[in-house]
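Let me begin by presenting the structure, written as structure tokens, before commenting on it.
The values are calculated or read from the model by the stated rules, or taken from the named source; none is laboratory data. Worth saying up front: this structure is predicted, and the values here are computed from it rather than measured. Don't worry about glycine lacking a Cβ; one is built from the backbone with ideal geometry, like all the others, and counts go over all protein chains shown. Side chains are part of the model used for accessible areas, which takes the heavy atoms of the whole protein and leaves out ligands, DNA and RNA. Shrake-Rupley method; radii C 1.70, N 1.55, O 1.52, S 1.80 Å.
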Amino acid sequence: MFDTGSTGFMIVCAMLVLLMTPGLAFFYGGLSRRKNVVNAMIMVFAVIGIVAITWTLCGWSFAYGGDGSIPFFGGFDQIGCFGVVQGVLAEAQAVPEGAVYPSIVDIVFQMAFCMITTAIITGAVAGRIKFGAICAFLAVWTIVVYPPLAHMVWGGEGSLIGDAIGALDFAGGDVVHISSGLTGLILCLIAGKRKGFGMMSYRPHNVPFVALGATLLWFGWFGFNAGSEFAADGVAALALVNTVVASGSALVSWMVVERLKVGKPTLVGAATGLVAGLVVITPAAGFVEPWAAIVMGLIVSPVCYFAISFCKKKLGYDDALDAFGCHCVGGIVGGVLTGLFCVPELSWTEFGGLLYTGDPSLLASQVLGILITVVFVGVADVVLGLIVKAAFGGSLRVSEDKEAAGLDVAEHGESAYPAYIGLD
């Protein structure tokens, strides 16, 4: 028989990760302008439907199918998830060696990862992109970009980043955060800046929405990181502890930075710091000790704050809701720090963190894995973005009139606050 404890644990973790995507809708909705709330939220909700289809039809197979002989691609053997029912029945008769829960659970657990990763992208282009264009881009992205990257990192024996290079990514520093944040940056560069960017202040319209969204993300992240151990054991508990500790210390760190820079800590800043801490611990959750998780949280907030408040202004890119500044930058910090703080006995490879062993091999692997992720995702995004742009009349943008009026009414025919139509 399967281990009923681990089976129940993984099912609950999958549901927690699924909760993160609608949670992100509230987070992004709160950060948006009043006239674009519905648009920001429906882009995230659309991802739920898109990924449910693409992951079932081919994403799962492209990421985790095949025999592991191809380092950057799974296979075609599980297209459409055909044979899943027969597999469930067969596993009920004879449990595969080493399995502690039914393999079908992995399909929905990994689908939830693809959902939240894809949804993060939408924040970068909020307030000016055509709804049809973003849906088309994300649908193809979940087929040709995310699954190969997931296979390269988590595809097991023969995978490029996880096996051949030996880079560690416990729950998605490369696969989830660097890929989504970088994709958001490239999309916002292709789409162009919002009207008035740099000349007017874009303030969050609903701070309680931001706090609610951050809370749902925080809670869902426990399943995200702890579930990536794929068993109800001590390492899963360690990942849970580290997730709480890193996010808490990053929250404090962000408030301190705000106090020093602008004189007052804010709830939006605290929520952003919380998310940054969740991002930084993701690649390291099951590899480091809690004291290291505190250090990681304390480090990531000043770095992400600098990226969001200084680099974005200096370089002039319009990452509307800071998907790049929080997720890509935070994911890179987390991946590098994993190479420093990884406990050797917990490593998936023969190498431990530089702090413990004095050997830079793991750190070098971490950096190389990040570079490969950036190159692969960057090139694929540019090609895909330009194709979608051409397919939608040479522009990903709505018209200036629609942008000025707000995408809620212009793109969706509804408003979050009908009494305020025309006032923002």
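Some values worked out for this structure:
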item	result
The range 1-79: C-alpha gyration tensor shape, a/c 1.5 cut-off, then a/b vs b/c	oblate
Candidates ILE299, ILE387, ILE120: whichever shows maximal mean-square fluctuation once the chain is modelled as a Gaussian network with Cα springs under 10 Å	ILE387
The range 290-301 - phi-based ³J(HN,Hα) in whole Hz, Karplus 6.51/-1.76/1.60, Gly and Pro as x	x, 4, 5, 4, 4, 4, 4, x, 5, 6, 5, 5
The range 42-151 - percent of accessible surface contributed by carbon and sulfur, probe 1.4 Å	73 percent
Ellipticity estimate at 222 nm from DSSP helix runs (n ≥ 4, -39,500 (n - 2.57)) divided over the chain, nearest 500	-20000 deg cm²/dmol
Dimensions (Å) - the range 143-280, Cα atoms, principal axes, largest first	51, 39, 25
Taking the C-alpha atoms of the range 219-283, convex hull volume expressed per residue in Å³	61 Å³
Amide H contacts of ARG397 (H built 1.01 Å from N, under 5 Å, at least 5 apart or other chain)	LYS130
Within a Gaussian network of the chain (alpha carbon springs, distance under 10 Å), most fluctuating of SER201, SER103, SER179	SER201
Mean projection area, nm², convex hull over Cα of the range 52-182	8.4 nm²
Packing-based order for 337-344, 21-28, 367-374, using average beta carbon neighbours within 10 Å, highest first	21-28, 337-344, 367-374
Residues of the chain: accessible area per residue with a 1.4 Å probe, Å²	39 Å²
Note, ³J(HN,Hα) from phi for the range 380-385, Karplus 6.51, -1.76, 1.60, rounded to Hz, x at Gly and Pro	4, 5, 4, 4, 5, x
Positive-end extreme of charge dipole, the chain - chosen from PHE170, TRP348, VAL383 (charges on Cβ)	VAL383
Prolate/oblate/rounded call for the range 307-420, Cα gyration tensor, a/c under 1.5 rounded	prolate
Rg and Dmax [Cα atoms of the range 304-349; Å; Rg one decimal, Dmax integer]	14.4, 44
Cubic angstrom per residue, convex hull over Cα atoms of the range 274-354	87 Å³
